[in-house]
Amino acid sequence: MVNELDGAVVVDFPLRGEGWVAVNTPGDRIPSHGTDMLGQRFAYDLLMVDTRRGLRYHPAGILRGFLIGVRTRDCYAWGAAIHAPFDGEIVQAADGISERSWIHPLLEPVFAFKNAVTFSPARLPLVLGNHVIMRSGEVFAGFAHLVPGSVAVKPGEIVRSGDVLGRVGHTGNSTAPHLHFQLMDSPDLMKAKGVPCAFRSYEVMRNGGWERVENGVPRKVDRIRYPGVGT
């Protein structure tokens, strides 16, 4: 049986700090988001959580979260720096889309579903939110849902791996602050095909300690750490 992740393009992990989880990942299923549309076949959704059971992405208790909701800015991932995963050129950088300041766990999935079923090319900016696309050769990397006003690059700019591109937010088709990251073969999302991606190095919590992984594809069960400054 052919493994679609064989020969995956290896890039640096685009986030820093610990507590990251790939809630959608090609390590668990392909297409990772249930569709090949918009070059998403091998896309990741990277969410920051705490050490409590389940995917607890904000400090509030379960009852408060479901009854009242939480402030977007209180979510752990919000505002985390997004770093270029390779040397390359910025080909698209879009900012200025507003962010919902309050998250209700029961309403956000409804909002995302509505965006999905009413999708048209004209609505693409409302799906991506603030976003960046960069290239290295024939491979393009996309980063979606950034904080308004945080996009730190512009088209034509040359960046090095590790440079800050923007910050994790909750714009576009997002149910909580997270980074949507993917590799693809074109900057035109209506034509792009997903490119399989692995990360050069990161650490995973296993048996009470951090274990280094090289050229890996995270699974949803993995709690990820990437040591470094710039969280």
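The values are calculated or read from the model by the stated rules, or taken from the named source; none is laboratory data. Computed from a prediction, not measured in an experiment: that's the story for all the values here. Cβ sites come from the backbone with ideal geometry, for glycine too, and all protein chains shown count toward neighbours. Note: accessible area is taken over every heavy atom of the protein model, side chains too, but ligands, DNA and RNA are not part of it. Shrake-Rupley method; radii C 1.70, N 1.55, O 1.52, S 1.80 Å.
Consider Val217 carefully, then state whether it is within 14 Å of Phe13 (Cβ to Cβ), in contact (Cβ under 8 Å) with a residue 24 or more places away in the chain and in contact with a Gly (Cβ under 6 Å, 6 or more places away or on another chain).
Working: within 14 Å of Phe13 (Cβ to Cβ): yes; in contact (Cβ under 8 Å) with a residue 24 or more places away in the chain: yes; in contact with a Gly (Cβ under 6 Å, 6 or more places away or on another chain): yes.
Yes: the conditions hold for Val217.
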Response to the item:
Within the stretch 57-74, the residues that are at pLDDT 90 or above, more than 12 Å from His104 (Cα to Cα) and assigned to a loop (DSSP other than H, G, I, E, B) are Tyr57, Pro59
Discussion item. Go through the stretch 18-37 and report how many residues are modelled with pLDDT of 95 or more and at positive phi.
Written reply: 1
Fill in: Residues that are closer than 14 Å to Leu183 by Cβ and out of contact with any Leu (no Cβ under 6 Å at 6 or more places or on another chain), drawn from the stretch 1-21
Glu4, Leu5, Gly7, Ala8, Val10, Val11, Asp12, Phe13, Pro14
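Look through the stretch 170-191, keep the residues that are of a type in the set (Gly, Ala, Ser) and farther than 14 Å from Val127 by Cβ, and return whichever of them is modelled with the highest pLDDT.
Here is the first cut: in the stretch 170-191, the ones of a type in the set (Gly, Ala, Ser) are 172, 174, 176, 186.
Checking the rest, the ones that are also farther than 14 Å from Val127 by Cβ come to 176, 186.
Numbers: Ala176: 92, Ser186: 98.
Result: Ser186.
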Worksheet item: So is Val139 modelled with pLDDT of 95 or more, open to solvent by less than 60 Å² (accessible area, probe 1.4 Å) and within 19 Å of Asp188 (Cβ to Cβ) or not?
Response: yes
Response to the item:
The residue that is modelled with the lowest pLDDT, considering only those in the stretch 75-99 that are open to solvent by less than 40 Å² (accessible area, probe 1.4 Å), in a loop (DSSP other than H, G, I, E, B) and not aliphatic (A, V, I, L, M), is Cys75
